[in-house]
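Before any comments, here is the structure.
Values in this text are rule-based calculations from the coordinates and carry no lab data. Not measured: the values here are computed from a predicted model. Every residue, glycine among them, receives a Cβ derived from its backbone with ideal geometry; neighbour counts consider all protein chains shown.
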Amino acid sequence: MTEYARLIVDGKEYNLPVIEGTVGDKAIDIRSLRQESGFITFDPGFGNTGSCKSAITFMDGEKGILRYRGIPIEELAEHSSFVETAFLLIAGRLPSRAELTTISVNLNDLSLLHENMKQFYQNFPSRTHPMGILSAMVNAMRSFHPELVDSKEDLQRTFLRLISKVRTMAAMAYKVSIGQNPVYPNPNYSYCANFLHMMFDTPVVPYRFDKDVSDALNVFWVLHADHEQNCSTTAVRVVGSGKVNIYAAMSSGIAALWGPLHGGANQAVIYMLEEIQSKGLKISDVIKRAKDKKNPFKLMGFGHRVYKAYDPRAKIMKTICDKILKKTKIKDSLLSIAMELEEEALGDPFFQEKNLYPNVDFYSGIVLRAIGIPTNMFTVMFAIGRLPGWIAHWQEDFFDPEMKISRPRQVYTGETELKYLPIDQR
Ligand code: ACO
């Protein structure tokens, strides 16, 4: 039996159907509201708005739960490879052994870039942020691979092409930025190891495979693979709703992720910790600054739109952080600053009352530093990880008969009506 929510405005009553998800989350379906009543809803930042039905990722911010296709993130981080997780998100189920082998072969076959694409890299100014380069290069893929969704096989191949080449493009952006020749992918390596090989192999110091490092990167990417309707995924869905090609939609996701309030936070955390260290700032003063309403400064890596409990990814990331620092015998003084900062913030009533906990970015930067990734590549690492999630969401929208072009309304607050004044009368 359909449940209804009763809305009374201007003395009139409207019965709005209630939609229920599989885990009990409920939404009031307001699709008929404007037509029937003339009212729209107002929700800047969309904190109370369900933009779609989705079967990909479940999160409960109050309980700190995250599941991809029903499987808890903790289990995937422990047992799954990034490629398997990508399959899970996109196909909706875990692959068989044979499927996983086929995908790995395809990812290898598709890993080279068109040689002409390489030339683009030479022409970006040397200080260009790699996120800008990656977004531009992914968009440019449309010109090199015009075949798109003529068949299901084409579509699968497009997904694999994106997942494979994004890794080559990211490593190439780094190599060019440090004045080295790009390194070609090596068919003997797994997805993660191949990326590390393309990042760090040089003609004079060959890349030496390290399982611990490769495993840490694998967990980093599994943890970042999807996070339901976040800013960049919403960008992908909104841009995709105009039926733009998939490369342009993914490129918009990369652009949205770049911001320091979203994917750029991992880089911002390191800059914040480095500033604390280099200026010898007192942790209590940093906390005071973050609490000061007049100061725009926020504690980077803290807080989340949805999690009002400890981000489950942050817990796993902290464990990985301890593990990789121990195994690589790296002593990173930023880790002790981060831990002190976390302890002080978690004990502070301001952070407690506002439910501000460390998010995934708080420790991910330290993990990436231990792997050897330069700070300006951190958000690129996030983008590579998030790509399967963006693809899964793009696909879900693409095949959803209920989906429409995204076109929110507004409450207009400008001038009512003015006369046009000729230029000499202004
Ligand atoms: N430091 C200090 N105060 C904070 C922080 C923080 N990191 N985060 C939120 N607050 C405060 C806000 O000022 C606000 O205070 P108020 O109630 O007095 O106005 C209150 O907590 C609620 O915060 P909102 O801004 O309403 O939370 P919102 O959901 O809009 O923002 C966001 C979430 C953007 C993540 C925010 O917490 C933030 O800027 N954090 C720092 C950046 C960061 O770590 N981003 C990564 C997010 S995770 C990801 O994208 C992978």
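Quick look at the numbers
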read-out: Degrees between helix 82-91 axis and first principal axis of the chain (Cα, 0 to 90, nearest 10); value: 30 degrees
read-out: Net charge of neighbours whose Cβ lies under 13 Å from the Cβ of residue 134, counting Lys and Arg as +1 and Asp and Glu as -1; value: +3
read-out: For residue 360, residues with placed amide H under 5 Å, excluding near neighbours; value: 314
read-out: Simple Cβ-charge dipole of the range 315-426, Lys/Arg +1 and Asp/Glu -1, about Cα centre, in debye nearest 20; value: 540 debye
read-out: Phi to ³J(HN,Hα) by Karplus 6.51 cos²θ - 1.76 cosθ + 1.60 over the range 166-182, Hz, x for Gly, Pro; value: 4, 5, 5, 5, 5, 5, 5, 4, 5, 4, 5, 5, 9, x, 10, 6, x
read-out: Charged-residue dipole, Cβ positions (Lys, Arg, Asp, Glu), the range 4-60 about Cα centre, Debye nearest 20; value: 120 debye
read-out: log₁₀ of I(q)/I(0) at q = 0.12 Å⁻¹ - the chain, Debye sum with one point per alpha carbon; value: -1.06
read-out: Summed side-chain charge close to residue 201 - residues other than residue 201 whose Cβ falls under 10 Å, Lys, Arg +1, Asp, Glu -1; value: +2
read-out: Rg to Rh quotient for the range 293-405, alpha carbon positions, Kirkwood Rh; value: 1.06
read-out: The range 222-230 - phi-based ³J(HN,Hα) in whole Hz, Karplus 6.51/-1.76/1.60, Gly and Pro as x; value: 4, 5, 9, 5, 7, 7, 6, 8, 6
read-out: Derived scalar couplings ³J(HN,Hα) [the range 329-340; Karplus, 6.51 cos²θ - 1.76 cosθ + 1.60; whole Hz; x for Gly, Pro]; value: 6, 8, 9, 9, 5, 5, 5, 5, 5, 4, 5, 5
read-out: Inter-part distance where the range 251-313 and the range 370-426 are each reduced to a Cα centre, Å; value: 22 Å
read-out: Sequence ranges 94-106, 330-342, ranked by mean other-Cβ count within 10 angstrom, highest first; value: 330-342, 94-106
read-out: Angle between the chain longest axis and helix 265-279 axis [Cα atoms, degrees, rounded to 10]; value: 70 degrees
read-out: Mean-position separation - Cα centroids, the range 316-369 and the range 169-229, in angstrom; value: 24 Å
read-out: Total formal charge among the other residues, if their Cβ is under 15 angstrom from that of residue 346, Lys/Arg +1 and Asp/Glu -1; value: -2
read-out: Long-range HN-HN contacts of residue 259 with modeled amide H, under 5 Å; value: 264
read-out: Eligible lysines near residue 118 by straight Cα distance, threshold 22 Å, same-chain separation 8 or greater; value: 165, 175
read-out: Helical mean residue ellipticity (222 nm; -39500 (n - 2.57) per DSSP H run of 4+; nearest 500) of the chain; value: -16500 deg cm²/dmol
read-out: Neighbour-count order for 258, 221, fewest beta carbons within 10 angstrom listed first; value: 258, 221
read-out: 10 Å-binned pair-distance histogram of the range 271-313 (Cα, whole percent); value: 24, 45, 28, 3
read-out: Other-chain or far-sequence residues with amide H under 5 Å of residue 5's (modelled H); value: 16, 18
read-out: Semi-axis lengths (Å, descending) of the ellipsoid that matches the C-alpha gyration tensor of the range 4-60; value: 24, 13, 9
read-out: Helix 97-109 vs. the chain, principal-axis angle (Cα, 0 to 90°, nearest 10); value: 80 degrees
